[in-house]
1. Mind giving me the nanometre distance, one decimal, between the label points for HIS194 and ALA519, set 7 Å out from Cα along Cα→Cβ?
2. If you average 1/r over every pair of different alpha-carbon atoms in the chain and take one over that average, what Kirkwood value in Å do you get?
3. So, for the chain, what is the accessible surface per residue at a probe of 1.4 Å, expressed in square angstrom?
4. How large is the convex hull of the C-alpha atoms of the range 324-386 per residue, in Å³?
5. I want to verify the translational diffusion coefficient of the range 399-476 in µm²/s; compute it with Stokes-Einstein, Rh as the Kirkwood radius over Cα pairs, at 20 °C and 1.002 mPa s.
6. Which FRET efficiency value, to the nearest 0.05, is calculated for THR58 and LYS593 with the Förster distance at 35 angstrom and r the Cβ-Cβ distance?
7. Is the C-alpha gyration tensor of the range 257-353 telling us rounded, prolate or oblate? Criteria: a/c under 1.5 is rounded; beyond that, a/b larger than b/c is prolate, otherwise oblate.
8. Remind me, what semi-axes does the range 494-618 give for its equivalent ellipsoid, largest first in whole Å, using sqrt of 5 times each Cα gyration tensor eigenvalue?
Amino acid sequence: MFLPRLIACSAALFAASALAAPDPHSYANADQVSVRALALDLDVDFAKRQLAGSAELTLDWHDQAARELVLDTRDLTIDKVEALDGGAVRTVKHRLDVRDPILGSALHIELDKPATAVRIRYRTAPTASGLQWMTPAQTAGKKQPFMYSQSEAIHARSWVPLQDTPAVRFTYSAHVKVPKALRAVMSANNDAKHALDGDFRFTMEQPIPSYLLAIAAGDLAVRETGPRSAVYAEPSMVDKAAQEFADTEAMIAATEKLYGPYRWGRYDILVLPPSFPYGGMENPRMTFATPTVIVGDKSLTALVAHELAHSWSGNLVTNASWAHMWLNEGFTSYVENRIVEAVYGKAQADEEFILAADELRGELATTDPADQRLVPDLTGRSGDDAGSDFAYTKGAWLLRTLEAKFGRDAFDAYLRGYFDHFAFQSITTQQMLDYLAPNLLDKYPGKMSLAEVKAWIEQPGIPADAAVPASPRLAAIAAARAEWLAGTRKPADVGAKDWNTQEWMYFLDGLPEKVAPAALTAFDAAWHLTGHANAEIARRWYLVSIRSGYAPARTAMAEYMTRIGRRYLVVPLYEALAQTPDGLKFARSVYAKAKPGYHPITQASIEKVLARAGAKAA
Ligand code: BES
Ligand code: ZN
């Protein structure tokens, strides 16, 4: 019934078609009224670990009969809500629902007539799920505190009351006050030359979904890496970061050549403390990144390629809800690999794809078949659960397969057209398919049918038509590994002196479940993997150490788990440790020390692992 009305006001930023599948992770009544602009006015209070101030939401009413605005919040204190109409300001009634453990509390705002805007005065909780507050002692510089946000998937609601669904896009402005000497940054127009006077203003003129709202404040220095790129980091890290990310402009240029102009102006990178729960987050105009990819040889800069790729897949063409996350992450992982190929060559790109594909194959045995589909059912689950290897790697693999079947020229032109067609919209998988059929499948008949594409999306597993590259270098490493395991090759002779990061990862990923501790001792003596500075290599070494009961790795492992909070690096270690009573005990003792340094998102993941293991043991 409401559909025709929505189509009638299609000028609004709200994606009408996203209505077909309402977002189960939001309470917002966005079909009736949607936010078109947000104005934030916030004080960053480190002593209270609190953001306090106001959010003004400018509204588009799709249903003139509607009298309620429902917003998402989690652990916010709402002090007052006002309706704004022209110059008139009136206080209006509001009510917060009981807190749902996943979704938070719906904020109901009662309006006697459709208002132009509402202003909400509010404060965040010190435990806000989307913020990490760090003491000076927890930073590299030890002198200033640090805070940063992570909004994806559904954590923006823990620091701003809003329609926390990717189906709604809005522009924003912000006035942010921080202690003098600190620099505030946002997913907006940062000014590297801004005085450190405690008073910052930002605007984001392109409409974005809520999960791309981002803020950080700390002792941040800036180094240019190109004409439209720079790195922001704590002063002791900034030069190293600028060297590592020196290829940023080459990556932007390569992506533009493939998919058209970069539409966001600048592309800066903020290097966060090692507690950042993700590898990277594609906050528009300023990617947030883990320092664990700064290893000195640019070998892990696919992370930049990935977050940059989101400037097309995700930030421009956005998943309408988290079940469709593969439209963000699968497309991005595909584009990431194309950027790596353009900047570092095909051999490097193929190695990276093979690593991801092998990891995905490893997940098949332990992943519920229903979750091996590209569009999982997330009802009753947190939005963060959508980010599986299936969304990333199986999604990318489907696009790779399309590329192989239709040829690069046709597929590149198609994908560029897709980004242009859906630019600044939030879409579902059905909309993607409705565009794919006439613009690629039917245009070049006989190459791949809609049914074959749908099999990738709807069936578990990896279809037999999956295109796989070969890597002679990785094949040679597999052979050396087999000989070492068979005892016919000494550790010193495996040839690892010339291995790059991915080749080390491949070697370690392919080790059996258990290796004799004596063999690991000899290997460690030859290659010094315990305490290895490269966190990807160390992670894999610690995993095999845990599975094999190789105790000498433990001290360095505990240090690693305490220093780093990136979920992908530490959660698997907790999971592996939790398999044995002694390991679980060790994991608990490490967690007790590490917890205060972890972001709430990482804390939640680890507590889930430890609780599940505890329940099993009991
Ligand atoms: N958007 C994701 C991070 C994310 C996903 C946050 C789901 C919250 C929920 C980001 O672009 C990403 O994929 N990061 C990866 C980088 C890697 C694939 C290069 C990560 O964090 O490991
Ligand atoms: Zn991503």
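The values are calculated or read from the model by the stated rules, or taken from the named source; none is laboratory data. What you are looking at is a predicted structure, and each value in this text was computed from that prediction instead of being measured. Here the Cβ positions follow ideal geometry from the backbone for every residue, glycine too, while neighbour counts run over all protein chains shown. Note: areas computed on protein heavy atoms with side chains; ligands, DNA, RNA excluded. Shrake-Rupley method; radii C 1.70, N 1.55, O 1.52, S 1.80 Å.
1. A separation of 5.5 nm, rounded to one decimal place.
2. Values: mean 1/r = 0.0394 Å⁻¹.
Taking the inverse mean of 1/r over all distinct Cα pairs, the chain comes out at 25.4 Å.
3. On the way: 23550 Å² over 618 residues.
Value for the chain: 38 Å² per residue.
4. Working: hull volume 5.2 nm³, N = 63.
Taking only Cα atoms, the range 324-386 has a hull volume of 83 Å³ per residue.
5. Working: Rh = 14.0 Å.
Reported coefficient: 154 µm²/s.
6. Details: r = 46 Å, r/R0 = 1.33.
Computed FRET efficiency for THR58 and LYS593: 0.15.
7. On the way: a/c = 1.43, a/b = 1.10, b/c = 1.30.
Verdict is rounded for the range 257-353.
8. Numbers: eigenvalues 129, 52, 29 Å².
Semi-axes (√(5λ), whole Å): 25, 16, 12.
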